[in-house]
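Undergrad: My questions all concern the structure below.
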Amino acid sequence: MNFATFGRTTLLLTALILTACGGGASTSSNNDPGPTVTCDPTDPATFDECGTVLIGFTDADGDFLNYTVDVLSLTLETADGRVVEVMPRKTRTNFTDYVDLTELVTAAVVPPATYVAGTISLDYGDAEVFVEAADVAKEAVVTDLDGVELGQTELKIVLSNRDQLVVAKRRAHLLQLDFDLAASHKVDVVPTPALAASEQFIVAEVHPVDEKQIRVRGPLLAVSEDEMSYTIAIRPFHDRASDFGRFTVNVTDETVFEVDEVMWEGVEGLRALNAAGQGTPTIAKGTLNITEREFTADIVLAGSSVPGHDRDAIVGNIIKRDGNFLTIRGATIIPHAVAVDRRVHFHDDVVVEVGPDTKVFKDVDRLSDLSNLTIDALSIGQRVTIRGNQPTPTTDALAPQILFDATHGAVRMHVTHLSGIVNTVMNGETDITLHSIDRRRVGIFDFSGTGQSADLDADPDNYQVRTVSLSLADFSTGKPIVVWGFPTAFGMAPPDFTGRSVIDYTDVRSALGVGWGALGTLAPFISMGTDGLVLDNQNGDIDQRHYIKQGPVLIDLTTLDSYTAIVPRETGRMLFSIKSQDSLRLYSHWDDFVGDLINSLDGATTARSMYAYGKYDVDSNTFTAVKLGIFLLEP
């Protein structure tokens, strides 16, 4: 399902929005410290006179299985026209990796100033883009809205006059770039290759509306037991040579470490990391304190535990198991570091052999949560990173039979994400109709062998989720549900899955997308005002995009028996935008946004498409938006 696509391609082909959605000195345009001549980002001696911008990449949930392009550069521009390069080296990234987290890609040292503009450059010449068609991967070509295949593009950064990025010396400022693939592409899976028409809509926020877990990677520089921290040179994605700035990772007594395939906790993990030595590759996942700009890791991988360091690795979900052979779907293959002629790439199916000597690890909160794991724990649906050897390397993403040897390797089990509809709720358990696992449709998963006997194999129509002490008070039959946790060990169901957290999708983000065809419509709304918008669900210009996605449920706007109200939420950060062919206006306040919208829809200008994220109340047919964007066609 595609939610929205925005207009005709301009001279720059796409638009990038940079804004701050909240208060604080770091985002107030009335407190401009001005350029500082004593700060030279290339001179370490002037470091104390500089500020730092932490830049992270993330993405909204969309239609793509893989969306890998080369990021050539990223610059920011001050109010007096000074241009600062904050990502000076080409790097390759897959934006679909960032639906559930934000990847920290650089800690750029910059002069204190008010930053008002900038540019990001992407290269589609060697892109790898895949969509799902009939439950299998299909290659796609990204084009502009006229059908011309994209090459190298520059995306203009435009800052709101109300909220600008103000950098002060000796302070770090977070800038999160949301590559919203769903809102900016219209995908046609019928032709071969599939076509993804793009009017990229990329939002950058100083104070993100959505706060996600953050991942940061890079080689070790130093360890401080006294400070309970370590310092790295940021090396994002799977880059093996670059240096994108220095960054400090804080740890606690509860931080779990896996260093060279040995588990540690707290200060013992720091000591193991220190013993591994300077230059040891690391990956940390955790949270960033927005106010203090301090990052604290929940889990740290280092040395041979880092995928691709000294062995090949794959990341994906187990869709089938036949003895010791696992079929991994939607795999990312990460070649080991010495394989200079190979690169990270997507492959839809990989068959992995495991054995008695395969080590098994698991994402846990405390070491005490671990049991003595074996390959018996690896069951259908489980998301995994597997380290081993690909005997016959290939970069053909759709080659029918790729074999991977992990008989003397290791498997890390990651928290896995289910979505479905509640059938029944019992004490400590819920039975659901399973729709998808990690956003792949349940039809691709073969649950044979998951049960203690064949008649007890997991049944997607009655999938049993153990919830232990998790509250199910808000759930009832027919409600959408998302569960995060782990499938039961292979051959040991029921229950089929143990949840660590459950989400009622009526209380969290839903997505609304509507389009009005190539020419747009003069009257997209029944009414517009400071109290909200009322969408004309029966507008005759509505095209194939007319849905609300609420967890696994698609709600057809044109079948509702009342008009859908769209209102801003009462508190918290929000982001609203109006895009035309040659301008982009950006608002963090609803009244400013709706005033512009009323003036713009003047009887000659048409609305082409709209997207929104927020909460949807089925009973009142009200969508409460935290993000909303509309594209207008001016005469």
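Undergrad: Go through the stretch 72-81 residue by residue and turn each phi into a ³J(HN,Hα) via Karplus (6.51, -1.76, 1.60, θ = phi - 60°); whole Hz please, and just put x for glycine and proline.
TA: 7, 6, 9, 10, 10, 10, 7, 4, 9, x
Undergrad: Related question: Under 23 Å from the Cα of residue 362, which lysines turn up, not counting those fewer than eight places away in the same chain?
TA: Once the sequence-local lysines are set aside, what remains near residue 362 is 212, 285, 320.
Undergrad: How about residue 615: which lysines have a C-alpha closer than 16 Å to its C-alpha, ignoring those fewer than 8 places off in the same chain?
TA: Within reach: 479, 549, 627.
Undergrad: What are the chymotrypsin sites (Phe, Trp or Tyr not before Pro) within the stretch 378-473 that DSSP puts in a loop, where the Cβ has at most 11 other Cβ atoms within 10 Å?
TA: Sites meeting the loop and neighbour criteria: none at all.
Undergrad: Moving on. In the chain, which longest range has no GluC sites (Glu not before Pro) that are both DSSP loop (not H, G, I, E or B) and surrounded by at most 16 other Cβ atoms within 10 Å? Each step should come with its number before you reach the end.
TA: Numbers: sites that count: 211, 225, 227, 254, 261, 292, 570.
After excluding every exposed loop site, the longest remaining stretch is 293-569.
Undergrad: Among 380, 470, 141, pick out the residue whose Cα is farthest towards the positive end of the charge dipole of the chain, where Lys and Arg carry +1 and Asp and Glu carry -1 on C-beta, about the Cα centre.
TA: 141
Undergrad: For residue 148 and residue 519, what does the FRET efficiency come to when R0 = 22 Å and r is the distance between their Cβ atoms, rounded to the nearest 0.05? Walk me through the numbers before you get to the answer.
TA: On the way: r = 20 Å, r/R0 = 0.93.
Plugging the Cβ-Cβ distance into 1/(1 + (r/R0)^6) gives 0.60.
Undergrad: Under 13 Å from the Cβ of residue 223, count the other residues' Cβ atoms, weight Lys and Arg +1, Asp and Glu -1, and hand me the total.
TA: After counting each charged neighbour, the total is -3.
Undergrad: Restricting to bridges with both residues inside the stretch 79-218, how much of the DSSP beta-bridge set is antiparallel, in percent to the nearest 5?
TA: 75
Undergrad: Would you work out which of 252, 241, 291 lies farthest towards the positive end of the dipole of the stretch 241-308, given +1 charges on the beta-carbon of Lys and Arg and -1 on that of Asp and Glu, about the Cα centre?
TA: Toward the positive end, the furthest listed residue is 241.
Undergrad: Still on this structure: In debye, nearest 20, what is the charge dipole magnitude of the stretch 510-633 about its Cα centre with +1 on Lys and Arg Cβ and -1 on Asp and Glu Cβ, if you could check?
TA: About 460 debye.
Undergrad: Follow-up. Mind giving me the FRET efficiency for residue 82 and residue 123? R0 is 35 Å, r the Cβ-Cβ distance, nearest 0.05 is fine.
TA: Taking R0 as 35 Å, the efficiency between residue 82 and residue 123 is 0.85.
Undergrad: If you don't mind, there's one more thing I want to ask. Express the C-alpha Rg of the stretch 514-635 as a ratio against the empirical globular expectation 2.2 N^0.38 Å, rounded to two decimals.
TA: Taking N as the residue count of the stretch 514-635, the ratio is 0.99.
Undergrad: Tell me, what HN-Hα J-couplings in whole Hz come from the Karplus equation 6.51 cos²θ - 1.76 cosθ + 1.60 at θ = phi - 60° for each residue of the stretch 476-481, using x for Gly and Pro?
TA: 8, 4, x, 7, x, 9
Undergrad: Could you pull out every residue, at least 5 positions away or on a different chain, whose amide H is within less than 5 Å of the one on residue 574? Hs are placed 1.01 Å off N in the peptide plane, and Pro or chain starts have none.
TA: none
Undergrad: Restricting to DSSP H runs of at least four residues, report the calculated mean residue ellipticity at 222 nm for the chain, -39500 (n - 2.57) per run over all residues, nearest 500 deg cm²/dmol.
TA: The helix-only estimate for the chain comes to -1000 deg cm²/dmol at 222 nm.
Undergrad: Figure the gain on full extension for residue 599 and residue 224 (residue separation times 0.36 nm, minus the Cα-Cα span) and round it to one decimal in nm.
TA: 129.2 nm
Undergrad: Report which label in (1) 29.3; (2) 33.0; (3) 27.7 holds the value of mean projected area of the Cα convex hull in nm² derived from the coordinates of this structure.
TA: (3)
Undergrad: Also, quick follow-up: From the mean inverse distance of alpha carbon pairs (Kirkwood) and the Cα radius of gyration, derive Rg over Rh for the stretch 113-152.
TA: Rg/Rh: 1.20.
Undergrad: Considering amide H positions built from the backbone, and no H for Pro or chain starts, which residues 5 or more places from residue 569, or on another chain, come under 5 Å of its amide H?
TA: Those lying under 5 Å, H to H, from residue 569 are 625.
Undergrad: Shifting gears a bit: Report, please, the projected area of the stretch 214-305 averaged over directions, based on the convex hull of its C-alpha atoms, in nm².
TA: Average projection, Cα convex hull of the stretch 214-305: 5.3 nm².
Undergrad: To the nearest whole percent, what portion of all C-alpha pairs in the stretch 497-561 is separated by more than 16 angstrom?
TA: 58
Undergrad: Given the convex hull over the Cα atoms of the stretch 417-504, what projected area results after averaging over all orientations, in nm²? Present the calculation step by step, with values, prior to reporting the outcome.
TA: Working: hull surface 20.0 nm².
Average of the hull's projected areas for the stretch 417-504 equals 5.0 nm².
Undergrad: While we're looking at this one, here's another question. Calculate one ³J(HN,Hα) per residue across the stretch 460-473 by plugging θ = phi - 60° into the Karplus curve 6.51 cos²θ - 1.76 cosθ + 1.60, and present them in order as whole Hz with x for glycine and proline.
TA: x, 7, 9, 8, 8, 10, 7, 10, 6, 9, 5, 6, 10, 4
Undergrad: Hey, another quick one. What chymotrypsin sites (Phe, Trp or Tyr not before Pro) in the stretch 319-389 are in a loop by DSSP, with at most 10 other Cβ atoms within 10 Å of the Cβ?
TA: Hits after loop and neighbour filter: nothing returned.
Undergrad: Quick one: which residues, 5+ away or cross-chain, put their amide H under 5 Å from the amide H of residue 106? H built at 1.01 Å from N.
TA: Sorted by chain and number, the residues that satisfy this are 55.
Undergrad: Once the cut-off is 29 Å, how many percent of the Cα-Cα pairs in the stretch 369-524 end up in the long-distance tail? Mind dumping the intermediate values first?
TA: Working: 3861 of 12090 pairs.
Result for the distance tail: 32 percent.
Undergrad: Report, to two decimal places, the Cα Rg of the stretch 97-174 normalised by 2.2 N^0.38 Å (N = number of residues).
TA: So the Cα radius of gyration is 1.55 times the expected 2.2 N^0.38 Å.
Since every read-out is calculated from the coordinates, none of them should be taken as a lab result. Nothing here was measured: the structure is a model prediction, and the numbers come from that model. Here Cβ is always computed from backbone atoms with ideal geometry, including for glycine, and neighbour counts include all displayed protein chains.
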